[in-house]
Amino acid sequence: MAKRKNISKSHSDIEPYPKRRSNRLKCALADVKLAIPTYRASEIVSAVASSSFEAQSTDAQKNLQDLLEMPEDIFREVLRHLDPQDLLNLFHSASVFRTFLLHKSSAPTWAAARANLPGLPPRIKSMNEASYASFLFDKHCEICQVPYASGQNTFWDIQMRVCSACQFSRSIFLPENSFEFQPQPPFIDKKEFLSLVPTMFCGSLGGWMPKIVQNHLTQYEEMVTDEDSFKQWRARMNKEREERRKWCDYHYDWLRIDAERCERQMEQRKEGNLEIWRTRYKDITVRLIALGWKEEVIPTQLAQHPQVKKLQQLTDEEWIEISPTLVEYIKTQIQDAGMVET
Ligand SMILES: [Zn+2]
């Protein structure tokens, strides 16, 4: 197969007026199809492949086994009550879930999960469910793949999450004068063509990704044969851009809704943690009283002891383990305060 050609000036070997639908363009289309719509899926696959499933604990494997043995309809019913971020976490956790959630039969599960988050922007048609969830909730730059890369922004026209280093890279987003081509048939010049192609601008810097331009050029040359088909192509390009712009409005609303949702969740978590801690402290106090300690001599500082201030329910086994330490702590506190133990 012929190698894909680059349309940017620095590497350009495209003739000014290439023969329409040449083998070169067809090959380019095949390559670009692989390169663009699947970029998120491929990174997800590599992320899953690199995850160390074997390294998980025996308990985790047992839990996984229990999940795998659950009847599929029940498992799906459970998943329907989660949100897309939960499904994405599950997706990243083990290849068995990745396969399960990528299967077309899981589409209603994803749709139900999306419905659990009011205000979530509608799914972008060109992305599958997992890619869309990754686009919304993952935290890496989609170009350099660096997790939590600084200055990340979602750019509505190219519909990608890009870090500041990539945004300002002159080798990723190229200005207009870096491209040299003429769409065939020539119903449109390069400048107008580029004005219809998804682009990323951040202030005065930015431009077009060559692979996106190549993809659209290939589509143009596949679709446009005469004046009528050219008008259809241009109408389609304008419609697609309008859809991306609308999605951007939804996304801005979503960012506000999501920030409020996260704040509520943190409050609830904080409240829940406080309740767990209170219950544990009360349980320990009751057990100390059962050992013969009077409630009034148990120092209030005990609540702050690392063995007490834990976010887990106290078990009998744990009590056997920690009670000598806590008794010693109480004795020391009482002595320091000059009190009588009992
Ligand atoms: Zn980046």
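Read-outs: derived from the displayed coordinates by stated rules, not from any lab. Note that the structure is a prediction, hence the values are computed from the model and not measured. Neighbour counts are summed over all protein chains in view; Cβ atoms, including those assigned to glycine, are modelled from backbone coordinates with ideal geometry.
Dividing the convex hull volume of the Cα atoms of segment 56-190 by its residue count, what figure in Å³ per residue is obtained? Numbers along the way, then the final one.
Values: hull volume 22.2 nm³, N = 135.
It is 164 Å³ per residue.
Sorted by mean Cβ packing within 10 Å, highest first, what order do the peptides 98-106, 305-313 take?
Most protected by this proxy first, the peptides run 98-106, 305-313.
Of the cross-linked pairs LYS62/LYS139; LYS104/LYS125; LYS104/LYS246; LYS125/LYS246; LYS104/LYS239, those separated by over 22 Å at the C-alpha level are LYS62/LYS139; LYS104/LYS246; LYS104/LYS239.
Applying the criteria of a DSSP loop state and at most 16 other Cβ atoms within 10 Å to the GluC sites (Glu not before Pro) of segment 98-194 yields GLU180.
Ranking GLY292, PHE230, MET266 by Cα position along the charge dipole of segment 228-292, where only Lys, Arg, Asp and Glu carry charges on their C-beta atoms, puts PHE230 farthest toward the positive end.
For segment 225-342, what is the charge dipole size about the Cα centre, in debye to the nearest 20, if Lys and Arg each add +1 at the Cβ and Asp and Glu each add -1 at the Cβ? Can you show the working numbers first?
Numbers: 21 positive and 24 negative charges, 89 e Å.
Magnitude of the dipole: close to 420 debye.
Using a 7 Å offset from Cα along Cα-Cβ at SER169, what residues in segment 186-204 end up with backbone N under 15 Å from the label point? Correct set: 200.
For TRP208, TRP233, TRP277, what ranking results if the residue with the fewest other Cβ atoms within 10 Å of its Cβ goes first? Don't skip to the answer; put the middle values down first.
Numbers: TRP208 25, TRP233 22, TRP277 16.
Ascending Cβ contact count within 10 Å gives the list TRP277, TRP233, TRP208.
Expressed in Å, the radius of gyration and Dmax of the Cα atoms of segment 270-337 are 11.7, 35. Look at the dipole of segment 270-337 built from charges on Cβ: of GLN301, ILE320, ILE334, the Cα furthest out on the positive end belongs to GLN301.
If contacts are Cα pairs under 8 angstrom and at least 6 residues apart, what is the relative contact order of segment 270-337 in percent?
Details: 36 pairs, mean separation 27.5, N = 68.
Computed value for segment 270-337: 40 percent relative contact order.
Distance between the pseudo-spin-label points of THR332 and LYS231 (7 Å out from Cα toward the beta carbon): 8.7 nm. Here segment 189-228 and segment 299-342 have alpha carbon centers that stand 69 Å from each other.
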